[in-house]
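Step one of this worksheet: look at the structure below.
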Amino acid sequence: MSRRWQVFLLTLIAAGAAGLWVSVERDHSAPAASATPPAAAPAVPITEGRAETRDVSIWLSGIGSVQPLNAVTVKVRVDGQLERVTFTEGQDVRKGDVLAQIDPRSFRAQLKQAQANRAKDEAQLANAHLDMDRSVRLEARGVASKQTLDTQRAQVAALEAAVEADQAAIEMAQLQLEYSTVTAPLDGRTGLRLVDPGTVVHASDANGLVTITQMQPIAVLFTVSQDELPEVLAAIAQGDPVVVAYTRGGERPLATGKLVFLDSQVDQATGHIKLKALFDNSDRALWPGEFVDARVQVTTVKEATVVPSKAVERGQNGTYLYRIKPDDTVEVCSVTVQHVADGIAIVAEGLKPGDRIVVDGQYRLQPGARVEPRPAPAGGS
């Protein structure tokens, strides 16, 4: 055999031995690699809270508007020239305050004329009484006829009626003179002046002098759903429910009052029913025509189990939340929610006071997941 073939055979033998050694090494190392445990899933950071026990007031909310109990457009009741206006726009007035003056001279003249007519008729009546008395005496002696006496009596009756008519004319003239001074019919706030001094005004004018709006007390008219009507009726049966008026959106309370009216029927177009609340409004926090959020307290749940409402989720099988177990893993806890309002949910069943729950971060959780609890930020719900 040539030397070249010897070298070729030795090379093949060496290559085969090397491949066999690598294969054996791989076989021995494979069990060690498969025995390495997989890395544990990282804990999910969440915000932790606890179920608490407290008394919770149940409120129903509705959008409403502020309405004055009275708003009167002051009109003149006699014709004449407006001499002066004694109020300023936006002024608070009391009932009986003088608002304007119509030229009173013609009404004074009519009063004097009526008084003069009464004086004339009273003089004629006195003379008729004397004539009748003489006729009575003459008729008793047979000198005067009965017909003459009857005529005297009829004249006395006619003059007595004329005096009564004169008195009525005097009272009407006095009333007309009184109407020439325009006064406020109620306590309230004046609006814009609608007539200027010097204008000839008439009782038949469509526009008045000014509108006076009662500012206190004041009312709020609002609506709630017909589904909430039983709760409202139950609250009314216990007394006058408390109503709080808030700014639109419910950011800030404005005033506290009481419910005074429940409409007699539900609006079929909207499925809502009207309610009215009365407020003292001494600080003028409520203004006529203003839109507000009204909340009426219907009941108070004593020692209720409550959680932040954002902790509660809704699934195919109802409402649930994640409860944190002692080993910092979570489980799904089905709960029955009685009421939700103002960021608080009342849990009727499924949870005990003191249970640890997930308030935020639950969207990344699965049952059995390990969590990294973090306390709720200060002031958070």
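The values are calculated or read from the model by the stated rules, or taken from the named source; none is laboratory data. Quantities reported herein were computed from a predicted structural model and do not represent experimental measurements. Heads up, the Cβs are rebuilt from the backbone with ideal geometry, glycines too, and the neighbour counts pull from every protein chain shown. These area figures cover heavy atoms from the full protein model, side chains too; ligands, DNA and RNA do not enter into them. Shrake-Rupley method; radii C 1.70, N 1.55, O 1.52, S 1.80 Å.
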_With every protein chain in place, the chain: carbon and sulfur % of accessible area (1.4 Å)_ = 52
_Accessible solvent surface per residue of the chain, calculated while the other protein chains remain in place, 1.4 angstrom probe, Å²_ = 61
_Can you find, among HIS339, ALA116, ALA140, the residue sitting farthest towards the positive end of the charge dipole of the chain, where Lys and Arg contribute +1 and Asp and Glu -1 at Cβ?_
HIS339
*Rounded, prolate or oblate: which one fits segment 101-160, using the alpha carbon gyration tensor with axes a ≥ b ≥ c (rounded when a/c is under 1.5, else prolate when a/b beats b/c, else oblate)?*
prolate
*For the chain, built as a Gaussian network whose Cα springs stay under 10 Å, the top-fluctuating residue of LEU321, LEU278, LEU175*: LEU175
*List the aspartates and glutamates whose Cα lies under 18 Å from the Cα of LYS310, skipping any in the same chain that are fewer than 8 positions away.*
GLU48, GLU52, GLU331, ASP342, GLU349, ASP355, ASP360
*Near the amide H of VAL260, under 5 Å away, which other amide H atoms are found, from residues 5 or more places off or on another chain, if H is placed in the peptide plane?*
LYS276, ALA277, LEU278
*Might you report the magnitude of the Cβ-based charge dipole of the chain about its Cα centre, with Lys and Arg at +1 and Asp and Glu at -1, to the nearest 20 debye?*
980
*First measure r as the distance between the Cβ atoms of ASP327 and ARG248, then evaluate 1/(1 + (r/R0)^6) with R0 = 45 Å and state the FRET efficiency to the nearest 0.05.*
0.40
*Determine the shape class of segment 171-328: with a ≥ b ≥ c the square roots of the Cα gyration tensor eigenvalues, call it rounded for a/c under 1.5, and otherwise prolate if a/b is greater than b/c, oblate otherwise.*
prolate
*Any idea what diffusion coefficient segment 125-173 gets from Stokes-Einstein, in µm²/s, Kirkwood Rh on alpha carbon pairs, 4 °C, 1.567 mPa s?*
111
*Which of the pairs LYS95/LYS120; LYS258/LYS352; LYS276/LYS352; LYS95/LYS276; LYS75/LYS274 have their Cα atoms more than 30 Å apart in this structure?*
LYS95/LYS120; LYS258/LYS352; LYS276/LYS352; LYS75/LYS274
_For segment 117-122, Karplus couplings with θ = phi - 60° (6.51, -1.76, 1.60), whole Hz, Gly/Pro x_ = 4, 5, 4, 4, 5, 5
*asked:* Along each principal axis of its Cα atoms, how long is the chain end to end? Whole angstroms, biggest number first, please.
replied: 199, 47, 37
*Treating only the Cβ atoms of Lys and Arg (+1) and Asp and Glu (-1) as charged, compute the dipole magnitude of segment 190-325 about its Cα centre; round to the nearest 20 debye.*
600
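With the cut-off at 1.5 for a/c, could you classify segment 97-235 from its C-alpha gyration tensor as rounded, prolate or oblate?
oblate
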*Roughly how much of SER204 is accessible, in Å² to the nearest 10, using a 1.4 Å probe?*
110
*Once Lys and Arg get +1 and Asp and Glu get -1 on their Cβ, which of GLN265, ALA184, GLY80 lies farthest toward the positive end of the dipole of the chain?*
GLN265
*Where the centroid of each part is defined by its Cα atoms, how far is segment 149-215 from segment 348-369 in Å?*
77
*How do ASP103, ASP92 stack up against each other in accessible area, from largest to smallest, with a 1.4 angstrom probe?*
ASP92, ASP103
*So what's segment 151-196 giving for Cα Rg divided by 2.2 N^0.38 Å, two decimals?*
2.14
*Using a 1.4 Å probe and ignoring any ligands, DNA or RNA, find the accessible area of ARG323 and quote it in Å² to the nearest 10.*
60
*Between MET172, MET132, MET215, find the one with the highest GNM mean-square fluctuation for the chain; connect C-alpha pairs within less than 10 Å.*
MET132
